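Novice: Just dropping this structure here.
Values quoted throughout were computed directly from the atomic coordinates according to the rules given, and no laboratory measurement underlies them. Every value quoted in this text rests on a predicted model; they were computed, and no experiment measured them. So basically every Cβ, Gly included, is an ideal-geometry build from the backbone, and we count neighbours across all protein chains shown.
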Amino acid sequence: MHHLSRDVLKRNKVPDHRVFGVGFAVAGYLSREGKGLERAPYLGWPKFDLKSSLTKLFDMPVAIENVNRCIALAETRFGGLANVDNLVLIRSALGLGGAVMVDGELLRGEQNLGGDLGHVLAEPKGHICSCGKRGCLNTVASGWAVMMQMGITKQSYGTINQFRWHNAQLEKLLGDNTFVAEKAHKVLVEAGTALARHLMPSLQILNPETVCLTGPLGRHPSYANAFHQGLIELGFSAKITLATEAEIVTPSMASAYLALSNLVYSPNFSFDQEPDAIFNEKVVSF
Ligand SMILES: [Zn+2]
């Protein structure tokens, strides 16, 4: 990781003295205090003190956050959803992740698991999820669920190699324009519709200003349109923001924002005042 960041800085001709901190968006669950990694089922990473390890590795201040929450924070601060205080964000990729903003603050909950909508119960007798529970929404509406339905995979992923293989297969499937894509269309529509159906009760409780669908699978028109249509048919009347229609913050942009937000800018800083300054600062981001 350290070598990788050195390469990025070298390629972009960034001198060491311009680097002031590290923003790290991780696809995993953080501890209650937000410093340690409790588990990262998508990556196969164990429980460890992530923040201290990164601080030692880079020898500079570090800010960490779950990737979906990081995107929700960045999106509502300077992205297409700037000034939205009540947001439900769904990031649909190989796994299904979520983040919720209530009155401008992240919903964290007692164990820092709040807003994890990808793992609400959808099918009590369904497949075992990557989180270890049975029948999560993740098992019926994620990229992995789509690949299960397509017969591309039969098992979940618990190691980084399995994760990479599944991710590569999903990328291939979503970029496919052949007859396989026609078969995939039906499966993607089912997954997008299932996402809308199972999310609806949570949306009624959370009452957001907008629900935002993003991520590589979330950008696929078949899936995104089915999700949109499904919510409309169920009577959802708030705004629906699709990454297929709007420019959405990426994980690396969000991690850069995290570092800037936690280590540099005050909560009162307005990105509207200096729009060019946001990414002209040099931050190592993942
Ligand atoms: Zn799960």
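Novice: Starting from the amide H of residue 45, placed 1.01 Å from N in the peptide plane, find each other amide H under 5 Å away whose residue is 5 or more places distant or on another chain.
Specialist: Amide H neighbours of residue 45: 40.
Novice: Full extension from residue 3 to residue 168: what is 0.36 nm times the residue separation minus their Cα-Cα distance, to one decimal in nm? Mind dumping the intermediate values first?
Specialist: Numbers: separation 165, 0.36 × 165 = 59.40 nm, distance 2.33 nm.
In short, 57.1 nm is gained.
Novice: Right, another one. Given the -39500 (n - 2.57) contribution per DSSP H run of 4+ residues, what per-residue ellipticity at 222 nm results for the chain, rounded to the nearest 500 deg cm²/dmol?
Specialist: It comes out at -12000 deg cm²/dmol, rounded to the nearest 500.
Novice: Here's something else I'd like to know. Mind listing the long-range amide H neighbours of residue 22? Cut-off is under 5 Å, sequence gap 5 or more, other chains count too, H placed in the peptide plane at 1.01 Å from N.
Specialist: 62, 63
Novice: Tell me, what ³J(HN,Hα) does each residue in the stretch 181-190 have, in order and in whole Hz, if you take phi through Karplus 6.51 cos²θ - 1.76 cosθ + 1.60 with θ = phi - 60° and put x for Gly and Pro?
Specialist: Residue by residue, the stretch 181-190 yields 5, 5, 5, 5, 3, 4, 5, 5, 5, 4 Hz.
Novice: Normalise the Cα radius of gyration of the stretch 99-144 by 2.2 N^0.38 Å (N = residues in it) and let me know the number.
Specialist: Taking the Cα Rg and dividing by 2.2 N^0.38 Å, one obtains 1.28.
Novice: Rounded to the nearest 0.05, what FRET efficiency do residue 56 and residue 155 give with R0 = 22 Å and r taken as the Cβ-Cβ distance? Could you check?
Specialist: 0.05
Novice: Hey, another quick one. For 108, 32, which order do you get if you count the other beta carbons within 10 Å of each Cβ and list the fewest first?
Specialist: Lowest count first: 32, 108.
Novice: Turning to a different aspect of this structure: How big is D, in µm² s⁻¹, for the stretch 1-148 by Stokes-Einstein at 20 °C and 1.002 mPa s if Rh is the Kirkwood radius over C-alpha pairs?
Specialist: Numbers: Rh = 16.8 Å.
The calculation lands on 127 µm²/s.
Novice: Hey, which lysines would be in cross-link range of residue 133, C-alpha to C-alpha under 17 Å, not counting anything within fewer than 8 residues on its own chain?
Specialist: Reachable lysines: 125, 154.
Novice: Give the Rg/Rh ratio for the stretch 81-242, taking Rg as the radius of gyration of the Cα atoms and Rh as the Kirkwood radius, to two decimals.
Specialist: We get a ratio of 0.96 for the stretch 81-242.
Novice: Assign unit charges at the C-beta atoms only (+1 for Lys and Arg, -1 for Asp and Glu), then state the dipole size of the chain relative to its Cα centre in Debye, rounded to the nearest 20.
Specialist: Once rounded to the nearest 20, the dipole reads 1040 debye.
Novice: Next question, about the same structure. Using 10 Å bins from zero, what percent of all Cα-Cα pairs in the chain falls into each bin?
Specialist: Computed distribution, short to long bins: 6, 28, 35, 23, 7, 0.
Novice: Round to a whole angstrom and tell me the spacing of the C-alpha centers of the stretch 157-198 and the stretch 226-260.
Specialist: That distance is 19 Å.
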